[in-house]
Amino acid sequence: MDPPICWLAMMRHDGGVIARRLAKDPTLWAIPGYFAAMAAERHWYAKRPDRQDAAGSYERRDTRTSLAMGDLSVIAPMLLPALLAPLARRKVARVVLAGAAVAATAAAVADRYLGRPSSTGSDAGEVEFGPRAAEGIRRVAGPVAVAATGITAASWLASRTNAKDMFAARLLPDLGGGILGFSVAMVGWDFLYYWSHRLQHELRYLWAIHVVHHSSERYNLSTALRQPVAESFGTMMPYGILGLIGVRPDMVLFARGANLIWQFWIHTEVVRSLGIGEEVLSTPSAHRVHHGSNRQYLDRNHGGILIIWDRIFGTFEREDEAVVYGLTTNIESFNPWVVATHEYRSMFADVSRSTSWFERFGHVVGPPGWRPAVPELAGG
């Protein structure tokens, strides 16, 4: 599920535009419904004492964390894009990228120095300060180069792909505000969402953002609100490109809202099956699989409204065995700061310990859990 107001990255950061978008945002109209649905689900469990410990029931600390992350996910996109906007300016970007290049070069030189046999300090006359200094340089320079490059790229992409500018440069005629424009917007958004969601599971630097949503070991409607707060630091799917094929910005916004509203209600164990709808739609059953840490369920069922994308591209899995929710290694914390940052901290720790740029790239753009191959020891 994408962040509640990720559309801010698609639009100009102009007060009037933002106000108009807020007025037309379906997800804001749905807020009372969110809380009414959560209350109804909680009441459903309260009436069934045998289900009080079920994964779909409400646990106070877990629910509080999910709601806190939901609040932060609304606030962060209002603040971070404006703070990062200067990075999209050519002059500023050049300065930051030049600094990143210097840091990358320093890390590479330190790698090479420490890779020499003499750099261990074991040779006569070798001064220990050299290896220690080189190690310190690469531990700092590597993460600095990665972070500076990544944030600059994310800011540039967001600034160049907002829906308004894309629509102004459209390659196809205006599809209008009727059924054609609506249909293309809905299907187009859902198709892009599938790939966005899939990439967030397959690329670690995006997983570091998205993992927040999977961090709960519960699965109820409050889990739908446990949203990331750091999308501004990632190269997220540029949904605004729908404007290039003639989809109006307001239709892009509406499609986004409808997609998110659908995804809210499928975070439940109360609804077991939609019958024939399971073959076409992303349902509670299909999405329970997506949230499972069971081996057979990992990285499956990425669809937003439609599950057909998973069927077409080979990531569909039907709910079979009981779902175990959460991460393969759970964080054991309800602290919103830990929830929001734990994978970022782990990723940058891996980058800091890396001994080559191959390793650094692997830890950032490789799949979650990637580790460099360890050469087999020669037999003797």
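The values are calculated or read from the model by the stated rules, or taken from the named source; none is laboratory data. Given the structure is predicted, the values throughout are model-derived calculations rather than measurements. Note: ideal-geometry Cβ built from the backbone for every residue, glycine included; neighbour counts use all protein chains shown.
Below are the figures for this structure:
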quantity: Considering residues of the stretch 170-180 that are in contact (Cβ under 8 Å) with a residue 40 or more places away in the chain and either of a type outside the set (A, V, I, L, M) or under 15 Å from I305 (Cα atoms) (or both) only, the residue surrounded by the most Cβ atoms within 10 Å (Cβ to Cβ); calculated: R170
quantity: Residue among E278, E269 that alone is assigned to a loop (DSSP other than H, G, I, E, B) and out of contact with any Asp or Glu (no Cβ under 7 Å at 6 or more places or on another chain); calculated: E269
quantity: For Y219: the one exception among (1) in contact with a strand residue (DSSP E or B) (Cβ under 6 Å, 6 or more places away or on another chain); (2) modelled with pLDDT under 95; calculated: (2)
quantity: Out of S183, S196, sole residue that is modelled with pLDDT of 95 or more, surrounded by 15 or more Cβ atoms within 10 Å (Cβ to Cβ), part of a helix (DSSP H, G or I) and of a type in the set (S, T, N, Q); calculated: S196
quantity: Enumeration of residues in the stretch 289-303 that are of a type in the set (A, V, I, L, M, F, W, C) and not in a loop (DSSP other than H, G, I, E, B); calculated: V289
quantity: The stretch 218-266 - residue that is assigned to a loop (DSSP other than H, G, I, E, B), under 18 Å from the mean Cα position of the chain (by Cα) and of a type in the set (S, T, N, Q) and, of those, farthest from I331 (Cα to Cα); calculated: T235
quantity: Those residues of the stretch 36-69 which are more than 19 Å from P284 (Cβ to Cβ) and either in contact (Cβ under 8 Å) with a residue 40 or more places away in the chain or within 26 Å of the chain's Cα centre (by Cα) (or both), in sequence order; calculated: E59, R60, R61, R64, T65, L67, A68, M69
quantity: Top-ranked residue of the stretch 267-293 - restricted to ones that are under 22 Å from D53 (Cβ atoms) and under 19 Å from the mean Cα position of the chain (by Cα), ranked as surrounded by the fewest Cβ atoms within 10 Å (Cβ to Cβ); calculated: S293
quantity: Residue within the stretch 256-266 that is out of contact with any helix residue (DSSP H, G or I) (no Cβ under 7 Å at 6 or more places or on another chain), crowded, with 16+ Cβ neighbours inside 10 Å and in contact (Cβ under 8 Å) with a residue 60 or more places away in the chain present; calculated: no
quantity: Residues of the stretch 294-310 that turn out to be without any contact (Cβ under 8 Å) to a residue 60 or more places away in the chain and surrounded by 14 or more Cβ atoms within 10 Å (Cβ to Cβ), as a count; calculated: 7
